[in-house]
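Since the structure comes first, as structure tokens, the remarks are kept for the end.
The values are calculated or read from the model by the stated rules, or taken from the named source; none is laboratory data. Being a predicted model, the structure only gives us computed values, none of them experimental. With ideal geometry, Cβ positions are generated from the backbone for all residues, glycine too; neighbour counts draw on all protein chains shown. Areas reflect the complete protein model, heavy atoms only, side chains present, ligands, DNA and RNA absent. Shrake-Rupley method; radii C 1.70, N 1.55, O 1.52, S 1.80 Å.
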Amino acid sequence: MGTQSADHYFSSQPSTPLKRRPLKVVLAGEERDLETAGGIFSPAGVDKGTAILLSEVPPPAPEGNLLDIGCGWGPVALSLALRSPHASVFAVDVNERSIDLTRDNAVALGLTNVRASSPDAVDPDLRFNTIWSNPPIRVGKDELHSILLMWLPRLASGGSAYLVVQKNLGSDSLQRWLTAELAQRFPEAGLKVSRYSTNKAFRVLRILRTAD
């Protein structure tokens, strides 16, 4: 996973003092001038897993609702918004500093289609055409499972989710668990789980909703 501070990036309010600093990164094929801070996930830039996710997945839905689970300073959400300017991009995180950074970085790029918030601020009736995530594996298995069960069943019909997970952090066992759990709990959704790609130490998992 990306570089961490001593603070848990999944704390709602990081204890480290807020000190923003400039961040220059390439997103959607162009160099971008953004901001970052400590106390969030991968504050120094785009971590390896997220870079693999962004480089390997197919284009997001051009319209509708798109979702980034665990937005950090915003690399996935901003990429979704840059690639699908006519879609509504929802970026969720429990870390208030991450939410603020994603929101401000979207403004810096002139993106008006990004809505960054805590998970519970998102309308539970919304359905998502595309979900991209480098999920917060280090929150622990039970919490990770509850996060994925909260969002993956909200895929729209024909929608797809892509998750990047390190092999040594349990990508294969997560795939088996998702396959069994989604079929048992949400049989009406027709959620099909597969391995989309493997790149070095990471796997990209795909979850496709086949039912209306």
**OP:** Determine the pairs where a residue that is at negative phi and among the charged types (D, E, K, R), located within the range 110-132, has a partner that is open to solvent by less than 20 Å² (accessible area, probe 1.4 Å) and part of a loop (DSSP other than H, G, I, E, B) with Cβ atoms under 9 Å apart, the partner being 6 or more residues away or on another chain.
**Re:** R115/V122
Subject >> Flag for N129 being in a helix (DSSP H, G or I), out of contact with any Lys or Arg (no Cβ under 6 Å at 6 or more places or on another chain) and of a type in the set (S, T, N, Q) >> reply: no
Original post:
Considering only residues of the range 29-39 that are of a type outside the set (K, R) and not in a loop (DSSP other than H, G, I, E, B), which is most open to solvent (accessible area, probe 1.4 Å)?
Top reply: E31
Subject >> Filter result (assigned to a helix (DSSP H, G or I) and either surrounded by fewer than 20 Cβ atoms within 10 Å (Cβ to Cβ) or of a type in the set (G, A, S) (or both)) within the range 57-81 >> reply: A77, S79, A81
**OP:** Hey, can you tell me all the residues within the range 40-56 that are surrounded by fewer than 21 Cβ atoms within 10 Å (Cβ to Cβ), aliphatic (A, V, I, L, M) and assigned to a loop (DSSP other than H, G, I, E, B)?
**Re:** A44
Original post:
Within the range 151-193, can you find the residues that are in contact with a helix residue (DSSP H, G or I) (Cβ under 8 Å, 6 or more places away or on another chain) and polar (S, T, N, Q)?
Top reply: Q166
Original post:
Taking interchain pairs and intrachain pairs at least six residues apart, which have beta carbon atoms under 7 angstrom, with the first residue in the range 150-175 and farther than 11 Å from K192 by Cα and the second part of a strand (DSSP E or B) and open to solvent by 60 Å² or more (accessible area, probe 1.4 Å)?
Top reply: Y162/Y196; Y162/R206
